[in-house]
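Structure, as structure tokens:
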Amino acid sequence: MVSLNDVREAQARLQGVAVRTPLMEFLNPAVADSRKLFLKLENLQPIGAFKIRGAYNKIALLSPAEREAGVITYSSGNHGQGVAYAARALGNKAVIVMPRTAPAVKRDAVAALGAEIVLVGPSSLERQHRAEELARKYGYAIVPPFNDEGIIAGQGTIGLEILEDLPQVETVLVPVGGGGMISGIATAIKLSKPGANVIGVEPELAADAQASLDQGHIVESPAEQVSQTIADGLRTQSIGAINFQHIRKYVDKIITVSEAEIREAVRRLAANPKTLAEPSGAVAAAAFLFHKDQLPDTVFNAAVVSGGNIEPKVLEEIQNEQPRATSRFEPAPKPVGT
């Protein structure tokens, strides 16, 4: 299990590499709703997503000989960018196994960072198996996207920053894919402020984490179902075993959001360029907007905007859709802790 000290050491390791992203308040003008929402803007990282934290921390923890041989990972996009960025910063070769269905904006970004790309089918297990095969053949060090303590500790630095900027935070909403980010954030939050709530959010079409937590064992979702969600960064078929340990110990609840709710959250967040979110990065805000009845009755709430790497044509399509009348959410950004 990752300790609070592991996360603090990762925070020191990431200084000068990952951006200490701002926490910005969005005011909900509904008179009857006294809740406050603060967005942790990981879309402002150099690669446009939080993944740089875990990727750099993990690669930095490798031995010089392991790094010299090169690193490999399997990713739908953002983790691949994180590994490519970190490997370039450390002077190492990177190979990224990606699904052919990954958004072009993410494939292009990985290539621009100098990594070698290997394309496979849509299944998350297929890309993992291909990466493992190549690692055995060429001696690459595997940098897992989520099921690793070094990755978890790096992602946990997000939680430390939320607590530093908003010590009164009561509920933290976190997107869930493979579980690396929520494992790290929940560890940092619960070991620093046990009374705070940590809530995971995932698409209805990729609800394996919720099922796993509810049933007490890891549940796998079929690739053909998971691949249908617009939230491409959350298309993992199951959470990792190490992540599940942390989730069971530290996460209070996992809820799901619909495709329509994700799209509407993207549309509303896009009203401000600073809060532009890809669908995967908008699920936590969607939970706050549309699932008040499933959330703790707390005033100070934080939601992680995990990434902003959205295809321009997808954003245009969403912005042209009719607004939902489910709730009102007009962004009024106000920096916190700066």
Open item on the list: List the residues, sorted by chain then number, that are 5 or more residues from residue 197 or on another chain and whose placed amide H is less than 5 Å from its amide H.
Closed with: 171, 172
Task: For residue 141, distant residues with modelled amide H under 5 Å away - done: 70, 71, 72
Task: Intensity falloff of region 1-155 expressed as log10 I(q)/I(0), Debye formula with alpha-carbon point scatterers, at q = 0.17, 0.18, 0.20 Å⁻¹ - done: -0.94, -1.03, -1.21
Open item on the list: Quick test of the membrane-span-like rule: which DSSP H helices of the chain reach at least 20 Å along their long axis (C-alpha atoms) with mean Kyte hydropathy at least 0.0?
Closed with: 149-165
Open item on the list: For a Förster distance of 30 Å, can you work out the FRET efficiency between the beta-carbons of residue 191 and residue 293, rounded to the nearest 0.05?
Closed with: 0.55
TODO: Mind giving me the nanometre distance, one decimal, between the label points for residue 136 and residue 112, set 7 Å out from Cα along Cα→Cβ?
DONE: 3.6
TODO: Quickly rank 291-300, 189-198 as a protection proxy: mean count of other C-beta atoms within 10 Å, highest first.
DONE: 189-198, 291-300
Task: Eligible lysines near residue 93 by straight Cα distance, threshold 16 Å, same-chain separation 8 or greater - done: 58, 137
Task: Calculated [θ] (222 nm, deg cm²/dmol) that DSSP helices of n ≥ 4 give over the chain, each run adding -39,500 (n - 2.57) - done: -13000 deg cm²/dmol
- [ ] Round to the nearest 0.05 the FRET efficiency obtained for residue 215 and residue 129 when R0 = 25 Å and r is the Cβ-Cβ distance.
- [x] 0.50
Task: Footprinting exposure proxy for 79, 217, 129 (fewest neighbouring C-beta atoms within 10 Å first) - done: 217, 129, 79
TODO: Excluding residues on the same chain fewer than 8 positions from residue 106, give the lysines whose Cα lies under 17 Å from its Cα.
DONE: 51, 313
- [ ] Would you order 107, 8, 100 from fewest to most other beta-carbon atoms within 10 Å of each residue's own beta-carbon?
- [x] 100, 8, 107
Open item on the list: Using the alpha carbons of region 167-248, what is the convex hull volume per residue in cubic angstrom, as a whole number?
Closed with: 86
Open item on the list: Would you calculate the convex hull of the Cα atoms in the chain and tell me its volume per residue in Å³?
Closed with: 117
Open item on the list: For a distance above 22 Å, tell me the whole-number percent of Cα pairs in region 52-142 that qualify.
Closed with: 17
- [ ] Output the antiparallel fraction of DSSP beta bridges having both residues in the chain, as a percent to the nearest 5.
- [x] 20
Open item on the list: For q values of 0.16, 0.17 Å⁻¹, compute log₁₀ I(q)/I(0) with the Debye formula on a Cα-only model of region 77-236, without solvent.
Closed with: -1.00, -1.10
Open item on the list: Going Cα to Cα from residue 292, which lysines come in below 25 Å? Please leave out same-chain ones fewer than 8 positions away.
Closed with: 36, 40, 190, 193, 249, 253, 274, 334
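A short reminder: the numbers here are calculations on the coordinates, not readings from a lab. As the structure is a prediction and not an experimental result, all values here were calculated from the model. Here Cβ is always computed from backbone atoms with ideal geometry, including for glycine, and neighbour counts include all displayed protein chains.
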